[in-house]
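Asks: Sharing a structure with you now.
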Amino acid sequence: GMIFYFLTLDKLPEDQNPGNDVGLEHTLENQVIYKGDITQIDYVEIKNKHGDYRIRQNEDGRIVIVGKEKAPLLHYSASGLYSSVKSVKCDLLIEKNAQDLAVFGLQDPAASVTVRTLKGENTSFHIGDREPMGEGYYLCMDGSSDVYLVNKTYAERYLSDFVSLYDTKLFKYFKYENLKTFSLQPSGGQEISIRAATGEEKKNADAATN
């Protein structure tokens, strides 16, 4: 025959105190820790090791870098960065009322993001170290010692240099018969000049290839 043993518990085990053990899985998964009205944003300011810059949405709907409004930006990258501040979601709450933010790289953060509203109100959050498993970064809201884990892709957009937003492709359409000269000079480099060949030059080029 077969004998079955059943083990019963009078109550569920109590939650463990996470302390500083960031390897534990914590609560409040996918919690929204900040939500704002994107239509009421004046600008978004980002500070990281590359410097400080601000982006805003112009009246025509384009996202621009303040002070460099004429610089062409990659549409999806710039729009994604701007719209990302409308909602900040955490994957995990790592530590409530952390005693030492330096443990998470938040005493001297890798990036700080400030959302300035049209009413002149500021809301800021900070990005700290990448967590040991590499799945995300530590984040805290300005003025709070609660430490969260946020998605790696979400956090890293604030760590990049603003030049990564530039659209480096040049588009200019013109009729070939109207082309006289075209010059290009890289920064610190030698100027390259192109012009349409003369009738004699075309004749000599054709003869050289035959």
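All of the numbers you see were taken from the coordinates with simple rules; none came from a lab. Computed from a prediction, not measured in an experiment: that's the story for all the values here. For neighbour counting, all protein chains shown are included, and Cβ atoms are generated from backbone atoms with ideal geometry for every residue, glycine included.
Asks: Straight-line reach from LYS169: which lysines fall under 29 Å, measuring Cα to Cα and dropping same-chain residues less than 8 apart?
Replies: LYS47, LYS49, LYS68, LYS70, LYS152, LYS180
Asks: With a sphere of radius 11 Å drawn around the Cβ of GLY36, what net charge do the other residues whose Cβ falls strictly inside it have (Lys, Arg +1; Asp, Glu -1)?
Replies: +1
Asks: Classify region 80-156 as rounded, prolate or oblate from the Cα gyration tensor: take a ≥ b ≥ c as the square roots of its eigenvalues, call it rounded if a/c is under 1.5, otherwise prolate when a/b beats b/c and oblate if not.
Replies: oblate
Asks: Counting Lys and Arg as +1 and Asp and Glu as -1, what is the net charge of the other residues whose Cβ lies under 13 Å from the Cβ of THR114?
Replies: Summing Lys and Arg as +1 and Asp and Glu as -1 gives -1.
Asks: Something else: Relative to the present Cα-Cα distance, how much length would full extension add between SER83 and ALA197 at 0.36 nm per residue of separation?
Replies: Details: separation 114, 0.36 × 114 = 41.04 nm, distance 4.92 nm.
Result: 36.1 nm gained on full extension.
Asks: Please work out the Cα convex hull volume for region 16-161 and give it in Å³ per residue. Display every interim value, and only then the final one.
Replies: Values: hull volume 16.1 nm³, N = 146.
Per residue, the Cα convex hull of region 16-161 comes to 110 Å³.
Asks: In addition: Sort 72-79, 135-142 by the packing proxy (mean of other Cβ within 10 Å over each peptide's residues), most packed first. Kindly include the intermediate steps, with their values, before the conclusion.
Replies: On the way: 72-79: 15.6, 135-142: 21.0.
In decreasing order of mean packing, 72-79, 135-142 become 135-142, 72-79.
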